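For reference, the structure is listed below as structure tokens.
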Amino acid sequence: MKTLTVDLPGRGYDIRIGAGLLARAGELCRGALPNASRLFVVTDSHVGPLYLGRVLPALKAAGFETAVSEIPAGEHSKSPAMLARLWEEMMAFGLTRTDAVAALGGGVVGDLAGFAAATILRGVDFIQIPTTLLAQVDSSVGGKVAVDLQHGKNLAGAFWQPRLVLMDPDTLETLDEGTFSDGMAEVIKYGCIADRDFFDFLTAHPSRGGVMGEIERVLYTCCDIKRRVVMEDERDTGLRMILNFGHTIGHAFELAGHYETWTHGQAVAAGMSWAARLGERLKVTPPGTAEELQGLLSAFRLPLDIPCGGETMAEAVGVDKKGKGDEITVILLSRIGAAAPTRMKKAELLSRLKQLREEERT
Ligand code: GLY
């Protein structure tokens, strides 16, 4: 088992990474929650049948009284209505302020259960047990929890750090190809923004089998980068923005597909490819970077481009949480392995992107 510590004042926690850890969930959760007697477990209709059988007996053996809420799998469950359902179920279970919530599943389960934990009884402890690659390398670490509103994704939420993140790479074996690739977009992102050696390592292992052969190292490296960024900028006012490489343009692609045609990872992959091209055009990024990145994205069957009209792009840039007035911070690369946050006018960004699109057509 590998351990990383997210060292935050008064709310530090460990990230435990290791094959077979689900079966040790009881002792590990007990270590993080010495005084809790009840644990409310949130999972989904896909993950529950696969892994509850391993996790619940371990929790019970460690002395937790458990209740399970199994939500329908899918993004539509990340809603205020589902949040309200969880609140009522938690009260019906008799949850008190010394008890806790555990999220067993991917990003939707983690974000929803985390926000429920942040808000029920004005906040109870929370454990993340992420089971997808995307949740293991990104959403389970760092304390961002939220639900979606009709106006957009993650618009109602909180910063609520977990007490423990427990990841068992064995759970990745049951992911379909698309869901695995989806997570690879975020994995590749870490190499781009912070670690050239890691990018080279991925380039030398350009397949699911290659990555799974070294999965603990991959999870450790990604979580270590994220942990360091979060420790420096928990509230996302500065450095944490670098985690958004590929996301501003990616959000436009997600919007263009009404959040259904393209997964988050696919949209981020195409967004990173565009951000690299934009960086080259602005002479922030060395020539050849986009081609190198595109080679790695293609190896994991991730898209390099997604059809998107100018109006949709403008809408996404307009609502970007990293925007301020008519300016926006776009994350470019000064090279593979180093992010270059670049402030620019939203109008300039949109006209540059339009220009790139037109050049592509000719
Ligand atoms: N997923 C980006 C962040 O945690 O800041």
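Every read-out reported here was derived from the displayed coordinates using simple, explicitly stated rules and does not represent laboratory data. Please read all numbers here as calculations on a predicted model, not as lab measurements. All Cβ positions, even for glycine, are placed from backbone atoms using ideal geometry, and neighbour counts span all protein chains on display.
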Query raised in the report: Which whole-number percentage describes the relative contact order of the stretch 1-79, with Cα contacts under 8 Å and a sequence gap of 6 or more?
Result: 29
Query raised in the report: If you take the alpha carbon radius of gyration of the stretch 170-311 and divide it by 2.2 N^0.38 Å, what ratio comes out, to two decimals?
Result: 1.03
Query raised in the report: What ranking do D326, D182 get, fewest neighbouring Cβ atoms within 10 angstrom at the top?
Result: D326, D182
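Looking at the chain only, what percent of DSSP beta bridges run antiparallel? Nearest 5 please.
Beta bridges within the chain, antiparallel portion: roughly 45 percent.
Using the count of nearby Cβ atoms within 10 Å as a rough guide to exposure, how do M91, M344 rank from fewest to most?
Values: M91 11, M344 15.
The most exposed by this proxy come first: M91, M344.
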Query raised in the report: How would you classify the stretch 7-132 from its alpha-carbon gyration tensor, with a ≥ b ≥ c the square roots of the eigenvalues: rounded for a/c under 1.5, else prolate if a/b is greater than b/c, otherwise oblate?
Result: rounded
Query - Under 11 Å from the R11 label point (7 Å along Cα→beta-carbon), backbone N, the stretch 83-104 - result: none
Query raised in the report: What is the magnitude of the charge dipole of the stretch 251-301 about its Cα centre, with +1 placed on the Cβ of each Lys and Arg, -1 on the Cβ of each Asp and Glu, and no other charges, expressed in debye to the nearest 20?
Result: 140
Report summary line: Nearest 10, in degrees from 0 to 90: the angle of helix 346-361 to the longest Cα principal axis of the chain is 70
Query raised in the report: Given the stretch 240-362, what whole percent of its Cα pairs are spread farther than 20 Å?
Result: 36
Query raised in the report: How big is D, in µm² s⁻¹, for the chain by Stokes-Einstein at 20 °C and 1.002 mPa s if Rh is the Kirkwood radius over C-alpha pairs?
Result: 103
Report summary line: What helix-only [θ] at 222 nm does the chain give? Using -39500 (n - 2.57) per DSSP H run of at least 4, over all residues, to the nearest 500, the answer is -14500 deg cm²/dmol
Query raised in the report: What share of all Cα pairs of the stretch 201-258, in percent, falls into each consecutive 5 Å distance bin?
Result: 4, 16, 15, 14, 18, 20, 12, 1
Query raised in the report: If you average over every viewing direction, what projected area does the convex hull of the Cα atoms of the stretch 3-73 give, in nm²?
Result: 5.4
Query raised in the report: So how strong a dipole does the stretch 181-281 carry about its Cα centre when Lys and Arg Cβ are +1 and Asp and Glu Cβ are -1, to the nearest 20 debye?
Result: 160
Query raised in the report: Which of L50, S37, A84 sits closest to the plus end of the dipole of the stretch 19-143, meaning its Cα is farthest towards the positive end, when Lys and Arg get +1 and Asp and Glu get -1 on the C-beta?
Result: S37
Query raised in the report: Can you give the charge dipole size of the chain about its Cα centre, rounded to the nearest 20 debye, using +1 on the beta carbon of Lys and Arg and -1 on the beta carbon of Asp and Glu?
Result: 800
**Report entry** Mean separation of Cα contacts under 8 Å, 6 or more apart, over the residue count of the stretch 133-174: relative contact order %
**Finding:** 34
Report summary line: So, relative contact order of the chain in percent, Cα under 8 Å, 6 or more apart, is 14
Requested in this report: With a point put 7 Å past each Cα toward its Cβ, work out how far A158 is from A23 in nm, to one decimal.
Outcome: 3.6
Query - Angle between the chain longest axis and helix 289-299 axis [Cα atoms, degrees, rounded to 10] - result: 50
Report task. Report the semi-axes of the equivalent ellipsoid for the stretch 133-235 in whole Å, largest first, where each axis is √(5λ) for an eigenvalue λ of the Cα gyration tensor. Result -> 24, 17, 13
Report summary line: Of all lysine pairs in the chain that are eight or more residues apart or on different chains, those with Cα atoms under 16 Å apart total 18
Query - Residue among G105, W262, F115 farthest towards the positive dipole end of the chain, charges placed on Cβ - result: F115
